[in-house]
Amino acid sequence: MKNTLLSSIPIGLLSLLAIAAPESSRAQNEINIQSEITVMGRAKPVPVSLEGFTGEAAEVLRFDLWVQGFSFVAPDAAQYRISGSGTGSVQGRVTDAISKQTKFSRSYTGATLRKQAHAFADDIVETITGKKGIGQTKIAFKAQSPGGAGEIYIADFDGHNPQAVTRDNSIVAAPAWAPGRALFYTSYEPGNPDIFYHNLSNGERRIVAKFSGLNTSAAISPDGTRMALILSKSGSPDVWVCNVDGSHLKQLTATPVDESSPCWSPDGQWICFATKMGERRVLAKVPAGGGTAKRIPTSGVSNPTEPDWSPDGKWIAFTSQMGGFDICLVPAAGGAATVLVAGEDPSWSPNSRTLVCTRRAGGRYTLSVLDAMTKQVKDIGRISGNDSQPAWAK
């Protein structure tokens, strides 16, 4: 059957499903089959083979599947065999290597070869796991050329097709997606760090927070109606909340310490942020309607910051500084933290499994895509001298 690509961004979660044990006749090439895995950072990838694809189609498939928990092996060691062609258009087939049954066979039309390959990868992920893939999602980030102030960009999740959003020739920071094709970010272009709303469909741009002092770190609620942000209008940087147009502003924290990086729980009831309690850097959460902040324990690591709450509500990814910078995970209620890889600025994809983050490579910052369950990671081709502060469209 044919699959015509849609322009909308798919949203979904990603997990591994239980799979039957291999046939005894395949004992000498035993495949590591696993039941459902819930422990982040310890899963083993699903072994698949890739046959018949070359060039751009093979590159896309290998990238998309690797960062969603698959690994590539010889056909006789594969759990699933992926075969087809990427000449002119993408034709693909997925076969269960154990039962010998074809899971699906499709051809793809109506888009570039690259988008066709992303669509095939998404179908592979959904067929094998039952969950949506991320191949057609978008990220926003800051790209800074050597000696430059930086601009906000958007791109496909793998870094391809980058497009400049700002041309401010000024300091910019902290891009955040709103539902639909819109971004919020901080720009110093007016002479003060103000928060802008930017509609990517029609180019409309306006300031939504321009108070004296710092206006930054906009985070949009899951329903798109409210914004958490950091303002210093009352003294030190604190967490505030308002409508997305800047109205009905309310202060949520009032402490003498600097607070940063607010993010929303998926149900819109809590705002997580980085702060200090007892002279120690910690993660905390405060009711979005106001109330007492509560610490979120991150046992085993120190100096947590830059939290991001997974769309399924189960995890908080964050940066820990213990000499260097590491990407870590903790259950949303707090507990023992898991260190994944060196890096910072984590942002969840819609599947609640894959993260985009910033890592150092060759003495500069680059973006990387990380599978939180297997710790498999791929770097994105650098757009400029330094790429950082990524945000994944949900």
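Rule-based calculations on the coordinates, nothing more; no lab input. Not measured: the values here are computed from a predicted model. Positions of Cβ are generated from backbone atoms using ideal geometry, with glycine treated the same way; all protein chains shown enter the neighbour counts.
Taking a threshold of 20 Å on the Cα-Cα distance, which of the pairs Lys138/Lys378; Lys276/Lys375; Lys103/Lys394; Lys138/Lys394 fall above it? Distance filter (> 20 Å) returns Lys276/Lys375; Lys103/Lys394. Electrostatic tally near Phe318: other residues with Cβ closer than 13 Å to its Cβ, Lys and Arg +1, Asp and Glu -1, net -3.
Each part gets one Cα centre, and for region 57-90 versus region 217-258 those centres are 44 Å apart.
What length, rounded to one decimal in nm, is gained on full extension from Thr102 through to Gln269, with 0.36 nm per residue of separation minus their alpha-carbon distance?
Full extension from Thr102 to Gln269 adds 55.7 nm.
Straight-line cross-link partners of Lys142 among the aspartates and glutamates, defined as a Cα under 13 Å from its Cα and at least 8 positions apart when in the same chain: Glu151, Asp168, Asp345, Asp387.
Hey, fewest Cβ within 10 Å first, where do Tyr188, Tyr365, Tyr197 land in order?
Tyr188, Tyr197, Tyr365
First measure r as the distance between the Cβ atoms of Ser145 and Asn192, then evaluate 1/(1 + (r/R0)^6) with R0 = 35 Å and state the FRET efficiency to the nearest 0.05. Approximately 0.90, to the nearest 0.05. The simple spin-label model puts a point 7 Å past each Cα toward its Cβ; for Ser212 and Val257 those points are separated by 2.7 nm. Projecting the Cα atoms of Gly213, Gly86, Cys263 onto the dipole axis of the chain, where Lys and Arg carry +1 and Asp and Glu carry -1 at the beta carbon, places Cys263 farthest toward the positive end. Ranking Asn243, Pro175, Tyr185 by how far each Cα lies toward the positive end of the dipole of the chain (charges on Cβ) leaves Asn243 at the top. Whole-percent P(r), region 179-251, all Cα pairs, 10 Å bins from 0: 21, 56, 21, 2.
Across the options Gly313, Leu283, Gly324, the greatest Cα extent toward the positive end of the charge dipole of the chain (unit charges at beta carbon of Lys, Arg, Asp, Glu) belongs to Gly313.
Sequence neighbours fewer than 8 away in the same chain don't count; with that in mind, list the lysines whose C-alpha is under 20 Å from Lys250. Result set, ordered by chain and number: Lys210, Lys233, Lys285, Lys294.
Pairs of Cα atoms nearer than 8 Å and 6+ residues apart set the relative contact order; for region 138-392 it is 13 percent. How far is helix 113-129 tilted, in degrees, relative to the longest principal axis of the Cα atoms in the chain, given as a value from 0 to 90 rounded to the nearest 10? Taking Cα atoms only, the helix is inclined about 80 degrees. Between Met277 and Asp76, the contour length at 0.36 nm per residue exceeds the Cα-Cα span by 66.8 nm. Note on Glu59 and Thr292: the extension gain reaches 79.0 nm, defined as 0.36 nm multiplied by sequence separation minus the Cα-Cα distance. Neighbours of Glu189, meaning other residues whose beta-carbon lies under 15 angstrom from its beta-carbon, give a summed charge of +2 when Lys and Arg score +1 and Asp and Glu score -1. Calculated from the alpha-carbon coordinates, region 45-134 shows an Rg and a Dmax of 11.7, 34 Å respectively. Go ahead and run the numbers for FRET between Asp223 and Ala333, Cβ-Cβ distance against an R0 of 22 Å, rounding to 0.05. Step by step, r from the Cβ atoms, then E = 0.45.
Rounded if a/c is under 1.5, else prolate if a/b is larger than b/c, else oblate: which is region 95-143, with a ≥ b ≥ c the root eigenvalues of its Cα gyration tensor? Judged from the Cα gyration tensor, region 95-143 comes out oblate (a/c at least 1.5, b/c at or above a/b). Seen from all directions on average, region 329-389 presents a Cα convex hull projection of 4.6 nm². The tail of the calculated P(r) for the chain beyond 28 Å holds 48 percent of all Cα-Cα pairs. Using the Cβ of Arg93 as centre and a radius below 13 Å, the other residues enclosed give a net charge of +1, where K and R count +1 and D and E count -1. Normalised Debye scattering of region 37-82 at q = 0.25, 0.29 Å⁻¹ gives log10 I(q)/I(0) of -0.90, -1.07, counting only Cα atoms as equal scatterers and leaving out solvent. How would region 61-213 be classified by its alpha-carbon gyration tensor: rounded, prolate or oblate, with rounded meaning a/c under 1.5 and the a/b versus b/c comparison settling the rest? Taking the square roots of the gyration eigenvalues as a ≥ b ≥ c, region 61-213 is prolate. Among Lys131, Lys250, a tally of other beta-carbon atoms within 10 Å of each Cβ gives an order, fewest to most, of Lys250, Lys131. Normalising the average separation of contacting C-alpha pairs (under 8 angstrom, six or more residues apart) by the number of residues puts the relative contact order of region 240-317 at 26 percent. Only the Cβ atoms of Lys and Arg (+1) and of Asp and Glu (-1) were treated as charged; on that basis the dipole of the chain about its Cα centre amounts to roughly 220 debye.
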